[in-house]
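Reading through the C-alpha cells given below for one structure.
Derivation of every value follows stated rules applied to the coordinates shown; laboratory data play no part. What you see is a predicted model; the values in this text were computed from it and never measured. All Cβ positions, glycine included, derive from the backbone under ideal geometry; neighbour counts span all protein chains shown.
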Amino acid sequence: MTYFWTIQEHVPDGLGFRLFGIAHLLWLGGIVLAVLAIALTCRRWKPETVHRLLCGLTWAALLLEICKDGVLLYTGQFRPNYLPLDLCGLSIFVEFAAVRKPRPLLMEPVYSLSLPGACLALLFPNWFSLPLWNFFSLHSFLLHGLLVLVPAVLLARGILCPNWKRLPFCFTCVAAACVPVSLVNRHFGTNFFFLERPSSGSPLVWFEQVFGSHLIGLPVLCEGKTLGKVKEILQLPANDVYVVEGEQEYMIPAVPEFILERNPDEGFIRVRLLEGMQSDAV
C-alpha cells in the first residue's frame, strides 16, 4: 500500500509488472472473458436494457477519469500529461456521446479508433512501471477494459455497423486533432498521441528506430547561443532527458522548466540551463 496513490513518476524502479508476464496476461485474460461474456449475453436482452447498460458503462468510464483527476489534485500530483487528451482519453467522450446519439459520424470513430486504441493500450500498457496494486494501474486497466467493452456490445447488438468508406473521415479527424494536441505538447512538454516519442515497449519504438525521432539532430539554443545538437533522448520514469552534444555534453530534463520551446518546423529547441546539467563527457 506504500505506493498505492503514487503516480508513475514517483514510483521507484523495479516495482512494476513485466509486459506479457503472468500478471499482465491474467489482466488481459480477465478483460477478454468479461467482454465476451457480456457482449454475448446482451444479445438476448431487450433494447432498452442494452441501452441502460451502455449508458452505465460510459458513465463508469467518465467517472473513473474524474476520480483519477480528483485523486491527482487532492494528493498534489496533478501534471498536464494527465489531462484526457490522448486517444483513449478522448474516446471516453466519443463513446459517451455515441451511446446517447448513435449517429454514423460518432459510431465510426468508436469502431475504427476507440476500439483498436484501447486494445493496443492494454497490450502495450505505458503504465507497466507501476505496481499492479496501485490506484493508477487499476484505473488504467479498468478504463481501457470499458473502452473495449462498449464497442463490443454495440457490435454484438448490431447497433454499430462498420463502414470502411468512413475510415478516411476518421483518420482525417485524428490528423486534424494532432494540430492542437501538438501545440499542447510543445507548451507543456507532454506526449499526447505519442507525437513526441513512442511509448516504451510498444511497436512505435520500432518505427522510431527505423525512421528516427524528429527531435534528434535539432540544434539546441540557450540565451542566443548554440549549445549543440540533440544526440539522444533518454526515456526515464520521471521524464525524458535530452542528451545534447556540442563543445560540451549536456543532460537536459525534458520538462517545461528547462525546455522553453520545441520548434521542429523551424529547426531548433530553446532551453534554460542550470548548474550541473553540463557533463564531463564530450
statement: Low-density loop GluC sites (Glu not before Pro), the stretch 231-267, at most 15 other Cβ within 10 Å, DSSP non-H/G/I/E/B, are E247, E257, E266
message: Taking R0 as 22 Å, what FRET efficiency do you get between A37 and E9 from their Cβ-Cβ distance, rounded to the nearest 0.05?
response: 0.05
query: Put +1 on the Cβ of every Lys and Arg and -1 on every Asp and Glu Cβ in the stretch 8-195; which of L40, I22, N134 then has its Cα farthest towards the positive end of the dipole?
result: L40
query: With +1 on each Lys and Arg Cβ and -1 on each Asp and Glu Cβ, how big is the dipole of the stretch 12-130 about its Cα centre, in debye rounded to the nearest 20?
result: 440 debye
- prompt: Once both axes come from the Cα atoms, what is the angle between helix 167-188 and the longest principal axis of the chain, in degrees from 0 to 90, rounded to 10?
  reply: 40 degrees
- line: So the compactness index of the stretch 213-279, its C-alpha Rg divided by 2.2 N^0.38 Å, takes the value 0.98
Förster radius 22 Å - calculated FRET efficiency between L167 and W206 (Cβ-Cβ, nearest 0.05): 0.40
- prompt: Using helices alone, what [θ] at 222 nm do you get for the chain, with -39,500 (n - 2.57) per DSSP H run of 4 or more residues, divided over all residues and rounded to the nearest 500?
  reply: -15000 deg cm²/dmol
field: Under 20 Å from the A60 label point (7 Å along Cα→beta-carbon), backbone N, the stretch 81-108
entry: 88-101
- prompt: Along the charge dipole of the chain, which of G228, T6, L123 sits closest to the positive end, that is, farthest toward it, with unit charges on the beta carbon of Lys, Arg, Asp and Glu (+1, +1, -1, -1)?
  reply: L123
statement: With label points set 7 Å from each Cα along the Cα-to-Cβ direction at E261 and L236, the distance between them in nm comes to 2.6 nm
- prompt: Dividing the alpha-carbon radius of gyration of the stretch 8-195 by 2.2 N^0.38 Å (N being the number of residues), what value is obtained?
  reply: 1.06
task: Place +1 on the Cβ of every Lys and Arg and -1 on the Cβ of every Asp and Glu in the chain, take the dipole about the Cα centre, and give the residue among L90, F171, P102 whose Cα lies farthest towards its positive end.
output: P102
- request: Could you list the trypsin sites (Lys or Arg not before Pro) in the stretch 1-48 that lie in coil according to DSSP, counting only those with at most 12 other Cβ atoms within 10 Å of their Cβ?
  value: R18
